[in-house]
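**Student:** Provided herewith is a single structure, encoded as structure tokens, for subsequent inquiry.
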Amino acid sequence: WKMESEPNFLEQAVKEARSLLTKPLPEGADLVSRFCLAKAKIRAGELDAKSMLSDLIHESGGSDASGVAVAAAVVLALEANSRELHDYYRRIILEKHSEDPAAWPVTTFLLDRYHTLDLLKVKLSRPERRIRARYGGTVSPRAHAVNHGLDPMIRRLPDIVLKTLDGGTLNLPKNTEGKLTLLLFVEPPADPGSDFPVRLDGKGQPTKNDPLRSVMGYAFEFAERHIHKEVEVIAAFLCDDADRVRELMEKNEWSCRAAMVPGGLNNPMVQQLGVLSSDRIPNVFLLRRDGTVAWHTSGFSYKSDYGYPFAIRLAMKVHIEVSDTELAYRALAEGDFKKAKRVFSGPVLPEKDERYQWRGPRFHGRALANMGLKDWAAALADIDEAIKDHQEQFKLQPSESIVEMQATKAMLLEKIGRIDEAKAARRLASVEPAEYPTTTIYEEFHDRLKQLKILSQP
């Protein structure tokens, strides 16, 4: 009935489901029938959805219900248009059943931000969405895709085994060698002798800005621009033909590490990771050094986002920066000031159009690292840059972070004997900080730096 959108088919399915439930069935075989009956009741407005889904889980084993049963509840919650129930069962399936292959079609759906953009929300036109996003009523598709905020991705990449072109194996996330890793899944063209499709311009001439090559180019760009060369790009081809992969790598002048997914699209990892439409847009996983996923996107295109897949470039850049900033923070907290200073100095040189404001927090962090190293002059130069950048970016009344940085500046000026300037900085640090209704990711990081109390460390 779902294929034909014909209610009569649903009625027939309900009759069949009721008939099956009167017969002895193998364990778990009754779930499809119960799902069908629950769906019909929701459409008819019968019972309350919360009780219905609770009964479904109870009849499927309660706290021991299978991943498929919880997946059924997740889907039925969508049918019931209940955000509360959907989030409740979503949390259960992701916490308890993410390793269950039978549940992968649902878990990967739930983890793909493309699907969650408009899930249980009113579908907005592009102009409507822009207006609401401007006034805080919703997020733009680009902001949603980039996912730069206070709720980052933290799940670990499942252990996967790729095949190298020389017949060896590449185990991820194990074999990342302490680097950030951009893992891009790409599906070769169906025609064995053809290259990836090329986008034509208005005059029918080939261009170099098709989505697939653009995304690959973004990855190469940031691997090259990373000042410590700690970003590795791995192209994982969904095929077993090493010669074919070599040919595609040479044709496109891709110099990154290449590997193959054994069995191609039939490999279980394709479904486990939610790899989709990788023949059009590479599916990207940015891995932190500890193997967790910092950012991910499938091959679906956000058609309501102007200029997509440029959002992928923005996401790569900012999540590389955030990952390195967090690495530097951990080094700072552990008292490894040399490492903290080194990492806070990256990850890439600034570009003309900076979309995110991590420069100030990184200079603040590097100032603290220099303080730990007793390099007062360098620390003063860095805290000046942090204050300047913060004021240029936000142009607001002094926040708590600015007041704190002014206090740090006064302390540093005293350390090097510039007493009059220190007094002026103390006056700036004595003002009452303005209160703001929301906390930004940058303010949160400044506050975490404040809590470290570097000068109190031995």
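**Student:** Any idea how many residues of segment 274-299 are of a type in the set (A, V, I, L, M, F, W, C), closer than 17 Å to W104 by Cβ and in a loop (DSSP other than H, G, I, E, B)?
**Tutor:** Residues meeting the conditions: 2.
**Student:** Separate question: Within segment 162-181, does at least one residue satisfy the condition of being buried (at least 19 other Cβ atoms within 10 Å of the Cβ), among the small types (G, A, S) and either in contact (Cβ under 8 Å) with a residue 24 or more places away in the chain or assigned to a strand (DSSP E or B) (or both)?
**Tutor:** no
**Student:** Something else: Find all pairs meeting these conditions: Cβ atoms under 6 angstrom apart; at least six residues apart or on different chains; first residue within segment 1-19 and on the phi < 0 side of the Ramachandran plot; second residue polar (S, T, N, Q).
**Tutor:** A17/S33
**Student:** Something else now. If L110 satisfies every condition in (1) touching a Ser or Thr at 6+ places or on another chain (Cβ under 9 Å); (2) in the same structural domain as V261 (by TED's automatic domain parsing); (3) without any contact (Cβ under 8 Å) to a residue 60 or more places away in the chain but one, which is the exception?
**Tutor:** In the conditions (1) touching a Ser or Thr at 6+ places or on another chain (Cβ under 9 Å); (2) in the same structural domain as V261 (by TED's automatic domain parsing); (3) without any contact (Cβ under 8 Å) to a residue 60 or more places away in the chain, L110 misses (2) alone.
**Student:** Still on this structure, please answer the following. How about segment 97-128: which of its residues are touching a helix residue (DSSP H, G or I) at 6+ places or on another chain (Cβ under 9 Å), farther than 20 Å from A49 by Cβ and crowded, with 16+ Cβ neighbours inside 10 Å?
**Tutor:** H97, S98, D100, A103, W104, T107, T108, L111, R113, Y114, L117, L124
**Student:** Please specify each residue of segment 212-238 satisfying the condition of being on the phi < 0 side of the Ramachandran plot and in a loop (DSSP other than H, G, I, E, B).
**Tutor:** H226, I227, H228, E230, L238
**Student:** Another question, if that's okay. So which of S399, S345, S430 ends up being exposed (fewer than 15 other Cβ atoms within 10 Å of the Cβ) and among the hydroxyl-bearing types (S, T, Y)?
**Tutor:** S430
**Student:** Something else about it: Got at least one residue in segment 310-323 being in the same structural domain as T176 (by TED's automatic domain parsing), within 24 Å of L273 (Cα to Cα) and outside any helix (DSSP H, G or I)?
**Tutor:** No: segment 310-323 contains no residue that is in the same structural domain as T176 (by TED's automatic domain parsing), within 24 Å of L273 (Cα to Cα) and outside any helix (DSSP H, G or I).
**Student:** If you scan segment 15-56, which residues turn out to be among the β-branched types (V, I, T) and surrounded by fewer than 18 Cβ atoms within 10 Å (Cβ to Cβ)? Working first, answer last.
**Tutor:** Pass one, segment 15-56, residues among the β-branched types (V, I, T): 22, 32, 42.
Passing the criteria: T22, V32.
**Student:** Does segment 2-22 contain any residue that is closer than 21 Å to A103 by Cα and not acidic (D, E)?
**Tutor:** Yes: segment 2-22 contains one or more residues that are closer than 21 Å to A103 by Cα and not acidic (D, E).
**Student:** May I ask you to list the residues in segment 257-284 that are on the phi < 0 side of the Ramachandran plot and among the polar types (S, T, N, Q)?
**Tutor:** Step one: filter segment 257-284 for residues on the phi < 0 side of the Ramachandran plot, giving 257-262, 265-273, 275-276, 278-284.
N266, N267, Q271, Q272, S278, N283 - these are the residues of segment 257-284 that are on the phi < 0 side of the Ramachandran plot and among the polar types (S, T, N, Q).
**Student:** Restricting attention to segment 227-238, and to residues there that are surrounded by fewer than 19 Cβ atoms within 10 Å (Cβ to Cβ) and of a type outside the set (A, V, I, L, M, F, W, C), which single residue is farthest from F310 (Cα to Cα)?
**Tutor:** The first filter runs over segment 227-238 and keeps only residues surrounded by fewer than 19 Cβ atoms within 10 Å (Cβ to Cβ), leaving 227-229.
If we keep only those that are of a type outside the set (A, V, I, L, M, F, W, C) as well, we get 228-229.
Details: H228: 24, K229: 23 Å.
Once the filter is applied, the top-ranked residue is H228.
The values are calculated or read from the model by the stated rules, or taken from the named source; none is laboratory data. Just so it is clear, the structure is predicted and the values come from calculations on it, not from any experiment. Glycine gets a Cβ as well: all are built from the backbone with ideal geometry, and neighbour counts include every protein chain shown.
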